[in-house]
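The values are calculated or read from the model by the stated rules, or taken from the named source; none is laboratory data. Note that the structure is a prediction, hence the values are computed from the model and not measured. Neighbour counts are summed over all protein chains in view; Cβ atoms, including those assigned to glycine, are modelled from backbone coordinates with ideal geometry. The accessibility values were calculated without ligands, DNA or RNA, using every heavy atom of the protein model including side chains. Shrake-Rupley method; radii C 1.70, N 1.55, O 1.52, S 1.80 Å.
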Amino acid sequence: MTHDHDLVLRPTAAQTEAALNPPPGRTGGDLVVESLAALGATTVFGLPGQHALAVFDALRRSDLRYVGLRVENNAGFAADAYGRITGEAAPLLLSTGPGALTALAALQEARAASAPVLAICSQVPTTGLGGGRHGHLHELPDQAASFRGVVKSVHTARTQSQIPSAIAEAWTSALTVPHGPVWVEIPQDVLLAETSVPVVSGGDTFPEELPPRPELTAVAADLLTRAERPAIVAGGGVVRADAAKKLRQLAERLQAPVVTTYGGKGAFPWTHPLSLQSWLEDRHTTDFLEDTDVLLVVGSGLGELSSNYHTFTPRGRVIQIEADLGKLEANHPALGIHADARLALQALLETVGERTDPAAPERVSGVLDKVRARIAAQDLTLEQDVLAAVRKALPTRAPSFWDMTILAYWAWSAFDAKAPGTMHSAQGAGGLGYAFPAALGAAAADPTHPVLAVSGDGGALYSVAELATARQYGLNVTWLIVDDGGYGILREYMTDAFGQPTATDLPGPDFVALAESFGVPGVRTSPETLETDLAKALAAPGPSVVVLPAVLRTFAPTHTE
C-alpha cells in the first residue's frame, strides 16, 4: 500500500544532468539565487553591500529581475507592496549591520500589514558568530536578535548545504497565514566560497491552510441567523484572503450592515445599501456598532484605529474571525475563530440561515447622513474637494499607496477604494516614507496599471532618493506631494494639545525642480487644477511628480468627546 507521504518526486533528466555536472564557478550566493528561482520568485529587491556581494554577483548569472533601490528601508517598502499586490513572497536582499538595520521599519510595517517579505541578509564570517567581539566590519553581537521581535520567523544557514532548505522554510513561513516578513541570514564566507552543492532544482513548498473549527462556525452561524441587529466589521484579512465576494454574499444573506477598517478598504462595495463605508473614527458609527446584538469581526484585531481609539465597547455578542492567533480576543471577549477569512466565510455561507430585514438599508443611510452632517459643520470643503479630485483622476483598477499624511487620514475614512487590494497605506506601523517606494514595488509587480503615491512634504523627504530608481526602471508611478511646509498632522496635534507646535515646520525644496533634476517630469498644481493635472500625469508612461501646495486640516475626532 502506498501512502501520500511515501511518494518521492523523481528528478527529470535535465535536473539529473545539472546535478551531476554543475556549471563551474558557483558560490553560496548562487545557491541563494537558485533557491529563490526554484521557489518561483521572478523579481527581487534590495541594495548591495560588501558582505552580500556574492549574492548580487549570482544575480548576474540568473534570470531573476533585480530592482535596486537607494535606501534599504525603501527597498523593504517596495518588497512589501510587491507582496501585497501579487500575494507572493517578495525577496529582499540586504547586507550586514547598518544595511540590515536600516530596513527594520519597513519590516515592521510588513508584519503589521501581513505582507509576505522574504528578507535575506548576509552575516559576518562564520568565525565571528556567537557574540564574540572579533571586530568584523558591521559586526553585531546578535544580528538576528534585532529582528526577532519584528519579523514572523528567523532562519539561519551556517553551511552551504543548509541554504536551500533554510530559504524554503522561510518562504513557507512567509506565505502561511497570517502572511508576514521573515528573516534569513547567511555568513559572508559561506556566500563567497565555491560550492559543490548541486544546482537547486526542487523548491516546491506547501504553506498550510488555516480552516475554522466546525463546532465554532456552527455556533457562529446560529448566533448570526437568530440575531435581530447583526453587523459586520471587515478588516484587512478579508482583502488578503481574496474573500470580498464571500463577504458580500454573507452580508446580503444576513442583511447585515458592513463597515470596513482602513486595512480592509475595498472589501465591501462603497455604495452598497448595506455599506457603512469606513467611518470608524466617528461616534455615530461607533454607537451603531455598539448597539448590535451580534457583531461579526472578520480579519481584524479591533486595534486602536479600528475601535475609534479603544472607545468602542460592544454590548452584544462578538464573533471574531482572525488568522493571527495573538489578535484573537486581544481587545474584546468573543467567540474566537482562528482561521483564514476566506475559509471561515465559506463555512458560514454553508450553514447560516437567511434573514430578512427591510429596515437595514435605512439604518445604514441614517448613520451616514449623521456622519456627513458632522463633517459638513466643520468647514472642510477644501479637503473634501481635494480627495474627490484624486478619486476622479485615478482609474478604477489603479492601485494607490498613501503615506502618513493628512490627505491619507481623510482617505482612510472617506475614499472609495473601488476594488479590494487597490488601496494601501502605512497605518499598519505608522512610519513615514512608505508611499513612494511602495508604489514603485507595485509598479514592478503589475505594469499594466498606473500607480499613485500620496505623500506630504515631510514624508516625501524620506523617499526623494527613489526618484532615481523610478527613472532608472521607468516605473509607471505618479507621486502626489501635498506640500504644507512641514509635518502637518503633528502641527495640528501639538497645537491642539499644547497651544503651539514645535519642530514641525520644515523649509523644504522645490519638489518640481528636484524631480526634474532626476529626469522625472514635475508639475505644480492647485486644488482647482488637481484633477486635470493628476489625470494627465497618470496617463503618461513612466514616473511623474505632481506637487500641490496646500494646508489641509483633519476632521475633528470623536474619541475625545
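Listing for the model above:
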{"quantity": "Gyration tensor (Cα) of segment 115-159, equivalent ellipsoid semi-axes in angstrom", "calculated": "21, 11, 9"}
{"quantity": "Separation of alpha-carbon centers, segment 345-389 and segment 45-87, rounded to whole Å", "calculated": "41"}
{"quantity": "Among 372-381, 512-521, 216-225, the order from most to least packed when residues are scored by Cβ within 10 Å on average", "calculated": "216-225, 512-521, 372-381"}
{"quantity": "Furthest towards positive pole of dipole, ALA389, GLN249, PRO509, structure part the chain, Cβ charges", "calculated": "GLN249"}
{"quantity": "Reported label for calculated mean projected area of the Cα convex hull in nm² given (1) 26.4; (2) 27.6; (3) 28.9", "calculated": "(3)"}
{"quantity": "J(HN,Hα) series, segment 28-33, from Karplus relation 6.51 cos²θ - 1.76 cosθ + 1.60, nearest Hz, glycine and proline x", "calculated": "x, x, 5, 5, 4, 5"}
{"quantity": "The chain: angle of helix 381-393 to the longest principal axis, Cα-based, in degrees nearest 10", "calculated": "50"}
{"quantity": "Heavy-atom accessible area order for LEU325, LEU349, largest first, 1.4 Å probe", "calculated": "LEU325, LEU349"}
{"quantity": "Estimated inter-spin distance, ALA468 and GLU528, nm [label 7 Å along Cα→Cβ]", "calculated": "4.0"}
{"quantity": "Karplus 3J(HN,Hα) series, Hz, for segment 473-482 with 6.51 cos²θ - 1.76 cosθ + 1.60 (x for Gly, Pro)", "calculated": "9, x, 6, 8, 10, 9, 10, 8, 10, 8"}
{"quantity": "For segment 223-301: Kirkwood Rh in Å [reciprocal of mean 1/r, alpha carbons]", "calculated": "12.2"}
{"quantity": "Binned Cα-Cα distance frequencies in segment 282-415 - 10 Å width, integer %", "calculated": "10, 29, 35, 23, 3"}
{"quantity": "Cα radius of gyration and Dmax for segment 334-483 (Å)", "calculated": "19.2, 57"}
{"quantity": "Nearest-ten-degree value, helix 530-539 long axis tilted from longest Cα axis of the chain", "calculated": "30"}
{"quantity": "For segment 146-287, alpha-carbon Rg over 2.2 N^0.38 Å", "calculated": "1.53"}
{"quantity": "Positive minus negative residues near LEU94 (Lys, Arg vs Asp, Glu; Cβ under 10 Å)", "calculated": "-2"}
{"quantity": "Angle in degrees between helix 214-226 and the longest Cα principal axis of the chain, rounded to the nearest 10", "calculated": "20"}
{"quantity": "Under 13 Å, Cβ to Cβ, from VAL512 - net charge with Lys/Arg +1 and Asp/Glu -1", "calculated": "-4"}
{"quantity": "In order through segment 135-143: 3J(HN,Hα) via Karplus (6.51 cos²θ - 1.76 cosθ + 1.60), integer Hz, x for Gly, Pro", "calculated": "x, 5, 4, 6, 5, 10, x, 7, 4"}
{"quantity": "Scattering curve values for segment 498-553, log₁₀ I(q)/I(0), Debye with Cα scatterers, q = 0.12, 0.15, 0.20, 0.23 Å⁻¹", "calculated": "-0.38, -0.54, -0.80, -0.94"}
{"quantity": "Segment 90-160 and segment 172-201: distance between their alpha carbon centers, rounded to Å", "calculated": "12"}
{"quantity": "Equivalent-ellipsoid semi-axes of segment 401-522, from the Cα gyration tensor, Å, largest first", "calculated": "26, 19, 10"}
{"quantity": "Gyration tensor over alpha-carbon atoms, segment 391-444, equivalent ellipsoid semi-axes in Å", "calculated": "17, 15, 9"}
{"quantity": "Cα centroid separation, segment 278-295 to segment 527-555 (Å)", "calculated": "34"}
{"quantity": "Computed lengthening from ARG158 to GLN50, 0.36 nm per intervening residue step minus Cα-Cα distance", "calculated": "37.1 nm"}
{"quantity": "Protein accessible area in segment 131-177, 1.4 Å probe - carbon and sulfur %", "calculated": "51"}
{"quantity": "Projected area averaged over orientations for segment 265-334, convex hull of C-alpha atoms, nm²", "calculated": "4.7"}
{"quantity": "Per residue, in Å², the accessible surface of the chain once ligands and nucleic acids are set aside, probe 1.4 Å", "calculated": "41"}
{"quantity": "Top positive-direction residue, dipole computed over the chain with Cβ charges, set PRO24, VAL294, ALA79", "calculated": "PRO24"}
{"quantity": "For segment 364-504, with +1 on Lys and Arg beta carbons and -1 on Asp and Glu, the positive-most of TYR487, PRO420, THR469 along the dipole", "calculated": "PRO420"}
{"quantity": "Where only C-alpha atoms are counted, convex hull volume of segment 116-193 per residue in Å³", "calculated": "78"}
{"quantity": "Value of [θ]222 nm, deg cm²/dmol, for the chain, DSSP H segments ≥ 4, -39500 (n - 2.57) each, nearest 500", "calculated": "-11000 deg cm²/dmol"}
{"quantity": "Electrostatic dipole magnitude of the chain [Cβ: Lys, Arg +1; Asp, Glu -1; Cα centre; debye, to 20]", "calculated": "420"}
{"quantity": "For segment 364-420, alpha-carbon Rg relative to the globular expectation (2.2 N^0.38 Å, N residues)", "calculated": "1.21"}
{"quantity": "Hydrodynamic radius of segment 466-529 per Kirkwood, over alpha carbon pairs, in Å", "calculated": "14.0"}
{"quantity": "Within the chain, percent of DSSP bridges classed antiparallel, to nearest 5", "calculated": "5"}
